[in-house]
Structures are given as C-alpha cells and as structure tokens.
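S.K.: Dropping the structure in here first, questions after.
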Amino acid sequence: MAKKGKTVFVCQECGYESPTWMGQCICGAWNSFVEEKEITITSEDSRRRARNSSSPMKLGDVGTKEYKRIDTGIGELNRVLGGGLVRGSLVLISGEPGIGKSTIIIQAAANIASCGKTVLYVSGEESEEQIRMRADRVCGEIPAGLLVLPETSMENVEEICRRVSPDFLIIDSIQTMYSDEMDSAPGSVSQVRACGNKLMKIGKTGDIPIFIVAHVTKNGDLAGPKTVEHLVDCVLSFGGERDQELRILRSFKNRFGTTSEIGAFMMAENGLQEVKDISGTFLEGKNEEAEGSVTAAVYEGSRPVMFEVQALVTPANVGFARRTAVGADNTRLSMILAVLEKKAGLPLMNQDVYINIVGGLRPEGTSVDLAVALAIFSSLRNTAAPEKTLAIGELGLTGDLRPVRSADKIVREAARMGYRRVLLPYGNRNGIREVSEECRIFYIKNIREALRVFSGK
C-alpha cells in the first residue's frame, strides 16, 4: 500500500510543492506554504496495480452507453446540468456564503427522495437539527428517503455508503472533510485532493451521482487545488448579490451537457423559486424614457436573455477621469470609450463614466458593446431613445459593428416583449425575418450610424 514519505511544503493556493519553506509561491501568494507528509507509491503497489488492471479494448468495439438522468425536480437546475443528474457523475457547486448553495441542494435532495430514492446528505458544517430546520422551511413535508449524516471522516462516509447504497450523495462541504491517510488539516490542498479522489471512487464504482459543495476565495475563485475541478464532471457556480433576490446558476464545465445554459432563481422565504421569464425579471421596473438606459440581450444556451444597461457620464472634478463598470469588463469599457472618442467625436476625456448591468447579471461575450456605447451617448447628451429600443452588436476598433450569434431568436424575443426598434449589425441581415409590423429592424454598419438611428434622426 501507499506509504508516507518525506516532508514537503505545499502552497494552499495553487498546490505547488517545495522541499523547503518559501515566503512567496510561484503563483504570487505570500505565506501560503504548509508542511505536509508526502505520499509515495511502493514498487509492490505498482506491480499489484499492473496485475489487476483490465485489458485494453478497441474503441470501435465499445458499445454506446445511455446515460439515464435523474430528475432533480427543479427545472432550472436540470437545464444547467444538461437534463438532470447523470448516474456516477460528480458535480461541484460553489458560491459566496449565504448565496443559496445549501438551499438548492436540500430542495433537490427532497425532490429526489420523494420519488422513492435514497438520498444521503453528509454535512461537515451543520448539525442534524440545523439541517432539519432548513428542510422544514424550504421543503415542507420531509420524505422518508432523505438521510442526514453529520460527519467529516471520509473513511466513515465510505463505510456508510457501502451499508446504505444511496441513489444520491451530497457532501457539504469538501473543505470540512478529511482522510486518515493524510496528516494535514481539513481544507488543505492534500486533504481536498485525497477526499476528491475517494469521492470519485465512490461515485464511479457505485454509480452514484454526487453533489460536492466547495468554498470560494475572496476573489470568487474555487478554493483548493485545480485538480479537484479536473476530477469532477461538472462545475457549477451560484452567483448574485446577497442583498438582492435574483440568483444565477452557471456551468463552467460539463461533460454531459453545454456550458452556455444559465438557471435563474428568486430567493423567497420558503426557498429558491424558479424564474421562467428571465428577461421580464431583468427588465422589471425599467423606465424606457430614462437617460443613459438601453436594453441589451445575449443568447444563453437555448434562450435569449434581455437586460438593462445603465450609464452615467458626469464631468470629472479633480485628477483623472474615473471609469467604473459593474457587471461588465473594465478593459472592454476603456476600448469602447476610445472608439467613441476617435470614431464618433464624443468628448469623453474629462468625463467620469459609470456602467451598470442591472440585476447582477455578468454577460459573457461582446454582444453588449453596442448597448454600452449607446447608453454612454444617451447619458452624455441627456437624451433617450424615442421608442423602446434593443441594441446588440460587437464594436470593433475601427468603429464597425460585427455580427452576433442567434440574432434571429433575440429579435423574436424582443418582438414578444413589445420592443419597437432593434439595432443589429449589418452582418446579421441574412437570416433575419420580419417578426411584426410594430417591430422595425435597423441594420447598422458603424458606430456613427448607430448613434444617428438611436437618436431617431
């Protein structure tokens, strides 16, 4: 069996191992090295593993396997997972404290258990009473198949899984778990890596889907080594502002589905509620006549998502002008401002510019460029669009607009929402059908033309 070897120093931020203590790691972190015992594999272990290994097969002779999914009872969660939980899969879910990770997990666990399946909820952070109080609040009647185990030892969890044979396993959280094979403290790089390997063995050999809760760092990244992200089949991130009700669930890795889907939830007194009309939620309360407000859209997975982009342009009082973006990329904002100054002649050098994506959404891609530029122009000129206007398009350094994907589906959603004008890049003119007489489509070639059309000239 594996034996403990020499002492090494392991960085708790990136997992880098050093024979001696270092003040600063190669990843840039300071005072992050912790002394741990290194695990070595003996030659006897290697020979035994070679004797017990299976024979290789021709890939063409391997039969296709139908991955039967388990319905979590939460449509938005099923959407992000790709249709439900795959048996034997490992799903890592992370998010800020209090964002709703444990809430959505207990709701999914109760739904699966109510279908006659056995669910084992392993908690290293809460007692049975605390979990029961949350379940009473968000689940109502608790099904008999929902089992709870306050435990932090992975060896004990393995033994319980052999006895219970659960259909669904939840680990909350992996930073609290430890293995007796390691001398380091729970949450260290070695412990997280070892526990992740044991969970993968439980899931793959027992065909058990596993939900693993993970902590995040102050920068919002997953805590622990990157090897855990490589081990799991799906990485979910739960985001949103804790002082707001809207929550967004994203997938950053999914071996059994797409990573472009998002799930929307509203935090209510009795748990998380699914948001079916996500565009209506983001645009709720939007004043179409407000200056510096423009509607944008992105295509997420299988549905368009419309949201409000707000801009505030005000003269800079002292020093350099400030550029601040919430929900948008600051570097992209600087580029858009440079294009507006150079190609459209807008005087922005001595102006403070603030951009906000309403609702806490952080859209990926560049299709929001045109809406940001028009919102800045609207605030600077103290003017609003004459009609309900939607704008999408990527802004190039030459001032030209580049086409965006799935523009036809976004146009249909805009017509359904009652928008009168849609500004699209000229490159999207093919494949777009007129949806209604009330919704006019303008194909724009460059930023000057976009500003002219937006002003109604």
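The values are calculated or read from the model by the stated rules, or taken from the named source; none is laboratory data. This structure is a prediction, so every number in the text was calculated from the model and none was measured. Cβ: placed from backbone, ideal geometry, glycine included. Neighbour counts: every protein chain shown. These area figures cover heavy atoms from the full protein model, side chains too; ligands, DNA and RNA do not enter into them. Shrake-Rupley method; radii C 1.70, N 1.55, O 1.52, S 1.80 Å.
Every residue, every condition in (1) open to solvent by 30 Å² or more (accessible area, probe 1.4 Å); (2) of a type in the set (S, T, N, Q), yes or no:
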position	(1), (2)
ILE93	no, no
ILE99	no, no
SER114	yes, yes
VAL119	no, no
ALA135	no, no
ILE142	yes, no
GLY145	no, no
GLU159	yes, no
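S.K.: Can I ask one more? Among the aliphatic types (A, V, I, L, M), closer than 28 Å to GLY239 by Cβ, assigned to a loop (DSSP other than H, G, I, E, B) and in contact (Cβ under 8 Å) with a residue 40 or more places away in the chain: which single residue out of ILE99, ILE171, ILE93 fits that description? Quick ask: steps written out before the conclusion?
M.R.: Numbers: ILE171 fails: assigned to a loop (DSSP other than H, G, I, E, B); ILE93 fails: assigned to a loop (DSSP other than H, G, I, E, B).
Matching residue, one of ILE99, ILE171, ILE93: ILE99.
S.K.: Now for a different question. Can you run down the residue pairs with Cβ atoms below 6 Å, 6 or more apart or on separate chains, where the first is in segment 142-160 and closer than 14 Å to ALA113 by Cβ and among the small types (Gly, Ala, Ser) and the partner is part of a loop (DSSP other than H, G, I, E, B) and open to solvent by 50 Å² or more (accessible area, probe 1.4 Å)?
M.R.: Sorted first by the residue in segment 142-160, then by its partner, the pairs are GLY145/LYS117.
S.K.: Which condition breaks for GLY95 when tested against (1) in contact with a helix residue (DSSP H, G or I) (Cβ under 9 Å, 6 or more places away or on another chain); (2) at pLDDT 90 or above?
M.R.: (2)
S.K.: Can you tell me which of (1) within 27 Å of ALA414 (Cα to Cα); (2) modelled with pLDDT under 95; (3) touching a helix residue (DSSP H, G or I) at 6+ places or on another chain (Cβ under 8 Å); (4) of a type in the set (D, E, K, R) is the one ARG323 doesn't meet?
M.R.: Just one mismatch for ARG323, condition (1).
S.K.: Please go through segment 194-248 and give me each residue that is among the basic types (Lys, Arg), modelled with pLDDT of 85 or more and in a helix (DSSP H, G or I), ordered by number.
M.R.: So in segment 194-248, the residues among the basic types (Lys, Arg) come out as 198, 201, 204, 218, 226, 242, 247.
Next, from what is left, pick out any that are modelled with pLDDT of 85 or more: 198, 201, 204, 247.
LYS198, LYS201, LYS204, listed by residue number.
S.K.: Okay, moving on. Suppose we filter segment 25-37 for residues that are open to solvent by less than 50 Å² (accessible area, probe 1.4 Å) and either among the aromatic types (Phe, Trp, Tyr) or modelled with pLDDT under 70 (or both); how many remain? Reasoning before the result, please.
M.R.: Here is the first cut: in segment 25-37, the ones open to solvent by less than 50 Å² (accessible area, probe 1.4 Å) are 25, 28-29, 32-33, 36.
Retained after the next criterion (residues that are either among the aromatic types (Phe, Trp, Tyr) or modelled with pLDDT under 70 (or both)): 33.
Qualifying residue count, segment 25-37: 1.
S.K.: If the requirement is being open to solvent by 70 Å² or more (accessible area, probe 1.4 Å) and touching a Lys or Arg at 6+ places or on another chain (Cβ under 7 Å), which of these qualifies: ASN287, ASN317, ASN270? Walk me through it before giving the result.
M.R.: Values: ASN287 fails: touching a Lys or Arg at 6+ places or on another chain (Cβ under 7 Å); ASN317 fails: touching a Lys or Arg at 6+ places or on another chain (Cβ under 7 Å).
Answer to the check: ASN270.
S.K.: Pull up segment 328-378, narrow it to residues that are touching a strand residue (DSSP E or B) at 6+ places or on another chain (Cβ under 9 Å) and acidic (Asp, Glu), then point me to the one that is nearest to LEU249 (Cα to Cα).
M.R.: Among those residues, the one meeting the criterion is GLU364.
Here is a yes/no grid of residues against (1) surrounded by 15 or more Cβ atoms within 10 Å (Cβ to Cβ); (2) of a type in the set (Ser, Thr, Tyr):
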{"residue": "GLU300", "(1), (2)": "yes, no"}
{"residue": "PHE307", "(1), (2)": "yes, no"}
{"residue": "LEU312", "(1), (2)": "yes, no"}
{"residue": "ARG322", "(1), (2)": "no, no"}
{"residue": "GLY327", "(1), (2)": "yes, no"}
{"residue": "ASN330", "(1), (2)": "no, no"}
{"residue": "SER334", "(1), (2)": "no, yes"}
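S.K.: Next up: Taking the conditions exactly as written (within 15 Å of MET417 (Cβ to Cβ) and either assigned to a loop (DSSP other than H, G, I, E, B) or among the small types (Gly, Ala, Ser) (or both)), does ALA290 satisfy them or not? Walk me through how you get there before you give the answer.
M.R.: On the way: within 15 Å of MET417 (Cβ to Cβ): no; either assigned to a loop (DSSP other than H, G, I, E, B) or among the small types (Gly, Ala, Ser) (or both): yes.
No: the conditions fail for ALA290.
S.K.: Right, something else. Out of (1) in contact with a Ser or Thr (Cβ under 6 Å, 6 or more places away or on another chain); (2) over 18 Å from ILE208 (Cβ atoms), what's the single condition that is false for SER127?
M.R.: Checking SER127 against (1) in contact with a Ser or Thr (Cβ under 6 Å, 6 or more places away or on another chain); (2) over 18 Å from ILE208 (Cβ atoms), the one that fails is (1).
S.K.: Which count do you get for residues in segment 435-457 that are surrounded by fewer than 17 Cβ atoms within 10 Å (Cβ to Cβ) and either among the polar types (S, T, N, Q) or farther than 26 Å from GLU289 by Cβ (or both)?
M.R.: Result for segment 435-457: 3.
S.K.: Condition test on ALA135, is it part of a helix (DSSP H, G or I) and in contact (Cβ under 8 Å) with a residue 40 or more places away in the chain? So that I can check it myself, show each step before the final result.
M.R.: On the way: part of a helix (DSSP H, G or I): yes; in contact (Cβ under 8 Å) with a residue 40 or more places away in the chain: no.
No: the conditions fail for ALA135.
S.K.: Note down all Cβ pairs under 7 Å where the first residue falls in segment 351-375 and is under 13 Å from TYR299 (Cα atoms), the second is of a type in the set (Val, Ile, Thr) and in a loop (DSSP other than H, G, I, E, B), and they're at least six residues apart or on different chains.
M.R.: Pairs that qualify, where the first residue is under 13 Å from TYR299 (Cα atoms) and the partner is of a type in the set (Val, Ile, Thr) and in a loop (DSSP other than H, G, I, E, B), are SER367/ILE392; SER367/VAL404.
S.K.: If you don't mind, another one. Give just the number: which of (1) part of a loop (DSSP other than H, G, I, E, B); (2) surrounded by 13 or more Cβ atoms within 10 Å (Cβ to Cβ); (3) at pLDDT 70 or above does ARG79 not satisfy?
M.R.: (1)
S.K.: Pick from segment 411-434 the residues that are farther than 17 Å from MET306 by Cα and assigned to a loop (DSSP other than H, G, I, E, B): which of them is most open to solvent (accessible area, probe 1.4 Å)?
M.R.: ARG433
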